[in-house]
Amino acid sequence: MTEKHLSTLSFTDLDLPTPLLHGANDAGFEFCTPIQAEALPVALAGQDVAGQAKTGTGKTAAFLLALFAYLLRHPPAVERGVRQPLGLILSPTRELAIQIHKDAQILGRHTSYKLALIYGGTGYETQRRTLEAGADVLIGTPGRLIDYFKQKLFDFSALQVLVLDEADRMFDLGFIRDIRYLFRRMPAPDKRLNMLFSATLSLRVNELAYEHMNNPQVIKIESEHLTVDQVTEKVYFPSNEEKIPLLLKVLKLVGAVRTLVFVNTKHGAETVEAWLRGNDYVTGVLSGNVPQRQRERLLQDFKSGAVSVLVATDVAARGLHIPDVSHVVNFDLPQDAEDYVHRVGRTARAGASGDAISFACETYAFSLEDIEQYIGHKIPTDTIDHDALETPKPPVRPTRKSRHAPTKKRAEQGSRPRRSKTSGEPHVKTAHKEAASSAPKESKHSLSPKKGSPKADEASKRTSDETVAGRTAKAKPTATKKPINRRRGGKETPAVG
């Protein structure tokens, strides 16, 4: 953090328990950020907080320190069970939940509280066993938490602290019904400490706060612009055909050490990735359908510098704390003005500086007016030097294993015969085919009599006679019985007609 980004309030000046002071020191915290300086004294006094501040300004540390301090000063009841958590932190995305859990491990290192990280996409049985063993603080996404809650792996009867992070994103992702479901199964708002943090406090977020919180104190850390002041913004106006050459030119100019490229669709992300790979950039795609383990590995490679350019959809626009992101490129302008703010917020975090470069192409240029109206200022434009644009090399798509490709073991064993659904025996057609294929073919040295020999003539005549006899038997009419009517009296009479 830069000195300009910090306040004059030190963490030692706050009424924090000693274990949390040690945790703040382990995290390298000395002075509070503006949101921490405003929110922590209120929350430490036991008052609910609804805070608004831009991403990367220290909101996570604020609610974690307040949560641990409240739990340390309010010991649970003796009859509390191991499956009754004391604190709950709700996050809209898996990446944000993972980041909160990492910060909680550092700040709560000198406390005895057990943390449980619960999110979808991976580790179902592992997370289930963690809940069965008991946890003091749950950190997770709504969907997986509700799944385990309905299985009665935990309950909220002993809950003391509730935190809702990125509340506006909860609405955007359609989690609000899940949030209300969980809220209605908790103690009353005046029986717990409630904290809500968001980049924007819209009308619907305020309604949620006043409905499920106990007279929260609203804290807004605002600057002249919605976007971070340390971000240098710029917009180009390329045609659709010029976007890839322009992107390659921009990456070459800025160095592309740790750059985020945002697109609007999964297909678009894969297309941009193919072009970057074909032009010698180490890159990866972060979208909604990427498996969780692969997402975590990709983010780790991006943070370490092994991947220089990360192409992402808006699933990565929230909750990712990646230090030293130097440039954000909006390859596609977002169709929602709020998403622009959150994309740009991936750079210039914690007081650092950064650049946000946007392409207002033929497809998405109409979004620019709404974005500028929302952020309250015009984005400076830059011209394209068409002569400086280089012809890109052909795209190279990464090789991915086919889901339907046979495994090595199955290829060695060969295909199995189909089984009947009822009896379990080999399917009739399959069995006949295998029998026909396994039957020995007639060879030139067969023991059957040669054609033209006396034995062959005799056999042919015998076969012909049998065929004629069979036809005669088929042609001979057979006598049919007339149907019989049965009466209730037991007598049988031939049917009429």
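The values are calculated or read from the model by the stated rules, or taken from the named source; none is laboratory data. Just so you know, these numbers come straight off a predicted model, no measurement behind them. All Cβ positions, even for glycine, are placed from backbone atoms using ideal geometry, and neighbour counts span all protein chains on display.
Given the condition loosely packed, with under 15 Cβ neighbours inside 10 Å, at pLDDT 90 or above and closer than 21 Å to Val137 by Cα, answer yes or no: does some residue in the stretch 193-211 qualify?
Among the residues of the stretch 193-211, not one is loosely packed, with under 15 Cβ neighbours inside 10 Å, at pLDDT 90 or above and closer than 21 Å to Val137 by Cα, which makes the answer no.
I need every pair where a residue in the stretch 9-30 that is in contact (Cβ under 8 Å) with a residue 12 or more places away in the chain has its Cβ under 7 Å from the Cβ of a residue that is polar (S, T, N, Q), sequence separation at least 6 or different chains.
Short answer, once both residue conditions are applied: Pro19/Thr111; Glu30/Ser10.
Yes/no matrix, rows are residues, columns are (1) in contact with a strand residue (DSSP E or B) (Cβ under 6 Å, 6 or more places away or on another chain); (2) farther than 24 Å from Gln292 by Cβ; (3) free of Cβ contacts under 8 Å to residues at least 12 places away in the same chain:
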{"site": "Leu117", "(1), (2), (3)": "yes, no, no"}
{"site": "Glu132", "(1), (2), (3)": "no, no, no"}
{"site": "Tyr148", "(1), (2), (3)": "no, no, no"}
{"site": "Lys152", "(1), (2), (3)": "no, yes, yes"}
{"site": "Ala158", "(1), (2), (3)": "no, yes, no"}
{"site": "Val161", "(1), (2), (3)": "yes, yes, no"}
{"site": "Arg184", "(1), (2), (3)": "no, yes, yes"}
{"site": "Leu208", "(1), (2), (3)": "no, yes, no"}
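Among the candidates Ile139, Ile179, Ile146, single out the residue that is within 19 Å of Met213 (Cβ to Cβ) and within 19 Å of the chain's Cα centre (by Cα). Before the answer, list the steps.
Working: Ile139 fails: within 19 Å of Met213 (Cβ to Cβ); Ile146 fails: within 19 Å of Met213 (Cβ to Cβ).
Result: Ile179 is the single residue among Ile139, Ile179, Ile146 that is within 19 Å of Met213 (Cβ to Cβ) and within 19 Å of the chain's Cα centre (by Cα).
So how many residues does the stretch 146-178 have that are under 28 Å from Val218 (Cβ atoms) and either outside the structural domain of Pro92 (by TED's automatic domain parsing) or out of contact with any Phe, Trp or Tyr (no Cβ under 9 Å at 6 or more places or on another chain) (or both)?
Restricting attention to the stretch 146-178, the residues satisfying the condition of being under 28 Å from Val218 (Cβ atoms) are 156, 159-178.
Applying the additional criterion that residues be either outside the structural domain of Pro92 (by TED's automatic domain parsing) or out of contact with any Phe, Trp or Tyr (no Cβ under 9 Å at 6 or more places or on another chain) (or both) yields 159, 168, 170-178.
Qualifying residue count, the stretch 146-178: 11.
For the stretch 40-60, give me each residue that is part of a helix (DSSP H, G or I) and modelled with pLDDT under 95. Walk me through how you get there before you give the answer.
Going through the stretch 40-60, the residues part of a helix (DSSP H, G or I) turn out to be 40-44, 59-60.
Within the stretch 40-60, Lys59, Thr60 meet the criteria.
Among the residues in the stretch 101-113, are any basic (Lys, Arg), in a loop (DSSP other than H, G, I, E, B) and in contact with a strand residue (DSSP E or B) (Cβ under 8 Å, 6 or more places away or on another chain)? Outline the logic, then answer.
Initial filter on the stretch 101-113 (basic (Lys, Arg)): 102, 109.
Narrowing further to those that are in a loop (DSSP other than H, G, I, E, B): 109.
If we keep only those that are in contact with a strand residue (DSSP E or B) (Cβ under 8 Å, 6 or more places away or on another chain) too, we end up with none.
So far as the stretch 101-113 goes, no, none of its residues is basic (Lys, Arg), in a loop (DSSP other than H, G, I, E, B) and in contact with a strand residue (DSSP E or B) (Cβ under 8 Å, 6 or more places away or on another chain).
Looking only at the stretch 32-61, count every residue that is in contact with an Asp or Glu (Cβ under 7 Å, 6 or more places away or on another chain), over 21 Å from Pro189 (Cβ atoms) and of a type in the set (A, V, I, L, M) and tell me the total.
So the count comes out to 1.
Considering the stretch 10-31 alone, what residues qualify as being part of a loop (DSSP other than H, G, I, E, B) and either surrounded by fewer than 16 Cβ atoms within 10 Å (Cβ to Cβ) or touching an Asp or Glu at 6+ places or on another chain (Cβ under 9 Å) (or both)? It would help to see each step written out before you state the result.
Looking only at the stretch 10-31, we keep the residues that are part of a loop (DSSP other than H, G, I, E, B), and these are 14-17, 27-30.
Asp15, Ala27, Gly28, Glu30, listed by residue number.
Filter the stretch 114-136 down to the residues that are crowded, with 17+ Cβ neighbours inside 10 Å and not in a loop (DSSP other than H, G, I, E, B), then identify the one that is nearest to the chain's Cα centre (by Cα).
The selected residue is Ile118.
Being within 24 Å of Tyr210 (Cβ to Cβ) and not in a loop (DSSP other than H, G, I, E, B) is the filter here, so list the residues in the stretch 65-94 that pass it.
Ala66, Leu67, Tyr70, Gly87, Leu88, Ile89, Leu90
Return the only residue of Arg204, Arg277, Arg185 being out of contact with any His (no Cβ under 9 Å at 6 or more places or on another chain) and within 24 Å of Gly376 (Cα to Cα).
Working: Arg277 fails: within 24 Å of Gly376 (Cα to Cα); Arg185 fails: within 24 Å of Gly376 (Cα to Cα).
The conditions single out Arg204.
What are the residues in the stretch 378-397 that are at pLDDT 90 or above and loosely packed, with under 15 Cβ neighbours inside 10 Å, if any?
Lys378, Pro380, Thr381, Asp382, Thr383, Lys393, Pro394
Output yes when any residue across the stretch 304-318 is modelled with pLDDT under 85 and part of a loop (DSSP other than H, G, I, E, B), and no when none is.
Kept after step one, since they are modelled with pLDDT under 85, are these residues of the stretch 304-318: 314-318.
Filter once more, keeping what is part of a loop (DSSP other than H, G, I, E, B): 317-318.
So far as the stretch 304-318 goes, yes, one or more of its residues are modelled with pLDDT under 85 and part of a loop (DSSP other than H, G, I, E, B).
Taking the stretch 158-170 as the search range and keeping residues that are at pLDDT 95 or above and in a loop (DSSP other than H, G, I, E, B), which one is farthest from Ile100 (Cα to Cα)?
Per the stated criteria, the residue is Ala158.
Quickly run through the stretch 337-357 and pick out the residues that are within 12 Å of Thr232 (Cβ to Cβ), of a type outside the set (A, V, I, L, M, F, W, C) and modelled with pLDDT of 85 or more.
Across the stretch 337-357, the qualifying residue is only Asp355.
Would the stretch 73-84 turn up any residue that is out of contact with any Phe, Trp or Tyr (no Cβ under 6 Å at 6 or more places or on another chain) and crowded, with 19+ Cβ neighbours inside 10 Å?
Of the residues in the stretch 73-84, the ones out of contact with any Phe, Trp or Tyr (no Cβ under 6 Å at 6 or more places or on another chain) are 73-82, 84.
From what is left, the residues that are crowded, with 19+ Cβ neighbours inside 10 Å are none.
Taking every residue of the stretch 73-84 in turn, none turns out to be out of contact with any Phe, Trp or Tyr (no Cβ under 6 Å at 6 or more places or on another chain) and crowded, with 19+ Cβ neighbours inside 10 Å.
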